[in-house]
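The values are calculated or read from the model by the stated rules, or taken from the named source; none is laboratory data. This is a predicted model, so every value here is computed, not measured. FYI the Cβ positions are ideal-geometry reconstructions off the backbone, even for glycines, and counts take in every protein chain you see.
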Amino acid sequence: MIIVMSPDSTESQVETVIRKIKEAGLEVNISRGVERTVLGAIGDERRLDQELFESLPGVEQAMHIVKPYKIVAREWHKEDTVIDIKGVKLGGKQVQIIAGPCSVETPEQMDKAAQFVVDAGCKLMRGGAFKPRTSPYAFQGHGVEGLDMFRKAAGQHGLPIVTELMDVRMLDTFLEYDVDVIQIGTRNMQNFDLLKEVGKVNKPVILKRGMSATISEWLMAAEYIAAGGNHNIIFCERGVRSYETYYRNMLDVTAIPVLKKETHLPVIVDPSHAGGKAWMVPALSRAAIAAGADGLLVEMHPSPCEAWCDADQALNPQELKDLMGTLRGIAQAIGRDL
Ligand code: PEP
Ligand code: MN
């Protein structure tokens, strides 16, 4: 950490800061300029609290020089991490499209959806059994019964499943049903107790971006999972809240190259919850893959206008197939496969 003393700081204020750094077990490098004294703390600076130093009299500014996230940072792990989901590789050369309905509705709907996912050439399936709904009166998902429907339908088509965990008390049930990828939704990105628990299991986790989260907060949320021992984390950009009302959320395409620079973990994009309309999904998907996303999480329903949840944003099976064709061309143009 670098601590810049203000021009009018006194010698005793400088000494107090030096004492605080040494008390934390670090060494100090003192640089006395014409106007300012700058102190460099040498050692494990994560032990130093920036706010505490900035509150000390005579301190103008305190800055960390090392990133506060470690395990997820590319700084400490240069190669891309490839996550293996029952043999399906996410984060490597091949771009993966995860498709399926917003929510698990009926065994027939899930069976049809699984067939369409396979027909389109996708290798992973999504579907929500526990739904985070704005209204308590809206369909909340079938819960455990939904997990059962999903497991059976996807199993028959050899598809690994991705589904959202909202309540830490359901984690054992998710493991019993052998959920292949645990999704943490936007509303739970900073549910730290939930993050700590999924950090203890050996299952890939899709961590969606909080709807108003900065990239740094998002990386720190991932660090919570990683710190528990689970390094199988996939970031999912799903749009952020903005002043615009034309669409549901603003897809932050810029976050893709930023994350690819900051972390070695895979980055995917959910164009469905970003745009909120099916007609926007192809354009947002093309942008995401062109910008370097490792995959997509797309809503597709066998019959969108009958969907129980997010009907307006679901692609129909043919639209998903068409999208796959277009994305293949984009992936190849940037040296990837689909
Ligand atoms: C979802 O993927 O079904 C979902 C609810 O997404 P988000 O958490 O991004 O709103
Ligand atoms: Mn949805």
> Looking only at the stretch 69-81, which residues are in contact with a helix residue (DSSP H, G or I) (Cβ under 9 Å, 6 or more places away or on another chain) and closer than 12 Å to Ala222 by Cβ?
Replying inline: Tyr69, Lys70, Ile71, Val72, Ala73
>> Take Gly33 and tell me if it is without any contact (Cβ under 8 Å) to a residue 40 or more places away in the chain and either touching a Gly at 6+ places or on another chain (Cβ under 8 Å) or closer than 10 Å to Met1 by Cα (or both).
In response: no
>> Name the residue that is farthest from ligand 1 (Cβ to nearest atom), counting only residues in the stretch 122-148 that are part of a loop (DSSP other than H, G, I, E, B) and in contact with a helix residue (DSSP H, G or I) (Cβ under 6 Å, 6 or more places away or on another chain).
In response: Ala129
> Which of the residues spanning the stretch 283-320 are assigned to a helix (DSSP H, G or I), farther than 24 Å from Val267 by Cα, of a type outside the set (Gly, Ala, Ser) and within 15 Å of ligand 1 (Cβ to nearest atom)?
Replying inline: Pro304, Asp312
> Arg151 fails exactly one of the following numbered conditions: (1) away from ligand 1 (no atom under 15 Å from the Cβ); (2) in contact with a Phe, Trp or Tyr (Cβ under 9 Å, 6 or more places away or on another chain); (3) over 22 Å from Ile234 (Cβ atoms). What is the number of that condition?
Replying inline: (3)
> Looking only at residues in the stretch 178-200 that are part of a loop (DSSP other than H, G, I, E, B) and surrounded by fewer than 18 Cβ atoms within 10 Å (Cβ to Cβ), which one is farthest from the chain's Cα centre (by Cα)?
Replying inline: Asp178
> What tally of residues in the stretch 87-112 results from selecting those that are in contact with a Gly (Cβ under 9 Å, 6 or more places away or on another chain), assigned to a loop (DSSP other than H, G, I, E, B) and of a type outside the set (A, V, I, L, M)?
Replying inline: 5
>> I'd like to know if the stretch 73-89 contains one or more residues that are aromatic (Phe, Trp, Tyr) and at pLDDT 95 or above.
In response: no
